[in-house]
Amino acid sequence: MRFGILVFPGTWSDTDCHHQVSDVLGQEAVYIWHRDTALDGIDCVILPGGFSYGDYLRAGAIARFSPVMEALRAYVESGGLAVGICNGFQVLCEAGLLPGVLMRNSHLEYRCQWTNLRTERTDSPFTELCQPGQSLRIPVSHGEGNYFADKDTLDRLESNGQVLFRYCDDSGRITEPANPNGSARNIAGIINDKGNVLGMMPHPERSCEELLGSADGNLIFSSIINNLQRSASRG
Amino acid sequence: MFLAKINVTLKPTVNDPQGTTVLGGLKSLGFNSVKDVRVGKFLEVKVDETDPSKARSVVNDMCEKLLANPVIEQYSVELVEDPG
């Protein structure tokens, strides 16, 4: 499968994502510069972490006007899979491709630490190889990952099953101490209503080999590959 | 030419941890009468327009599309004539 990794000025996790997809998982990966306007032949788009445009004004606010974002919008509307990680999640929210916003962490600190994520659904393209309720060990690294949306939006996300990952403790319980940034309802990752766009603050590309402390991040990309291969074989 | 003085602030319903931290700092300095602090952004934008209502509508458009995020923020605009 062919992964397209978007690169904005200030993106910094692009090579980590490339390493995971190509070296670890054996797929094809290409970089796509933010001025490009085509996503032809791409099976899954990754918006990696970093500080696009220095996070000026608000995280992700300027990146959403890059030419490639119009191509991304059309790609997503036609059902293409996209994953926004950390800054990529912020960009997707600013672009209106996902609801809500990532605010400054409630304690104002930058947090670089391991987190446990409880998988809330396993019938999505991003988690289909996970076990129901499986806890994934994946690190966060951000100062603005505090997911916020108004109550109606949060309730809608819950009833539509759009919350894919929640911060949990070692036993899989959703607790306040397990929440690294103050996110509403411990939300770590959400999908859009069509289910083909994922935004998550934790970094699966930083947990892609046991040497790094965990390889759980591979489950997300392996799920995507599995899903794409099934779709391809169906023709 | 007009100078737009734009205040972008968090909506009253949105928690402001920066404001809370500044509030704590002020209290520890002995400003005991301080009751609340909200932190926002101030922007000055010069627009080359001759009609004030056109200038205001252009600036409002900027706020809606980029300068404020309507999910969490609100804005106010003060427009003054600028000699350039």
From the option list A:230, A:185, single residue qualifying as among the basic types (Lys, Arg) and modelled with pLDDT of 95 or more is A:185
Members of the stretch A:59-94 that are in contact with a helix residue (DSSP H, G or I) (Cβ under 7 Å, 6 or more places away or on another chain) and of a type in the set (Lys, Arg): A:64
Of those in the stretch B:10-59 that are part of a strand (DSSP E or B) and not basic (Lys, Arg), the residue farthest from the other protein chains (Cβ to nearest Cβ) is B:47
Long-range neighbours under 6 Å by Cβ, at least six apart or interchain, first residue more than 10 Å from chain A (Cβ to nearest Cβ) within the stretch B:60-72, second modelled with pLDDT of 95 or more and not in a helix (DSSP H, G or I): B:63/B:75
Mind checking which residues of the stretch A:54-70 are buried (at least 21 other Cβ atoms within 10 Å of the Cβ), more than 16 Å from the chain's Cα centre (by Cα) and either on the phi > 0 side of the Ramachandran plot or more than 14 Å from every other protein chain (Cβ to nearest Cβ) (or both)? A:68
Is it true that some residue in the stretch A:104-112 is within 14 Å of chain B (Cβ to nearest Cβ), surrounded by fewer than 17 Cβ atoms within 10 Å (Cβ to Cβ) and among the aliphatic types (A, V, I, L, M)? yes
Consider residue B:77 carefully, then state whether it is more than 13 Å from chain A (Cβ to nearest Cβ), over 26 Å from residue A:62 (Cβ atoms) and not in a helix (DSSP H, G or I). no
Which residue pairs have Cβ atoms under 9 Å apart, sit 6 or more places apart or on different chains, and have a first residue in the stretch A:202-231 that is over 14 Å from residue A:115 (Cβ atoms) and a second that is assigned to a helix (DSSP H, G or I) and of a type in the set (Gly, Ala, Ser)? A:205/A:217; A:208/A:217
Note: among B:11, B:5, just one is surrounded by fewer than 16 Cβ atoms within 10 Å (Cβ to Cβ), in contact (Cβ under 8 Å) with a residue 24 or more places away in the chain and closer than 17 Å to residue B:84 by Cα, namely B:5
Select the strands (runs of 3 or more DSSP E) contained entirely in the stretch A:139-235, then report the ones holding at least 3 residues which are within 30 Å of residue B:13 (Cα to Cα) and under 13 Å from the mean Cα position of the chain (by Cα). A:163-168, A:187-191, A:197-200
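The values are calculated or read from the model by the stated rules, or taken from the named source; none is laboratory data. The shown structure was predicted, so the numbers you read here are calculated from the model rather than taken from an experiment. Cβ atoms come from the backbone with ideal geometry, glycine included; neighbour counts cover every protein chain shown.
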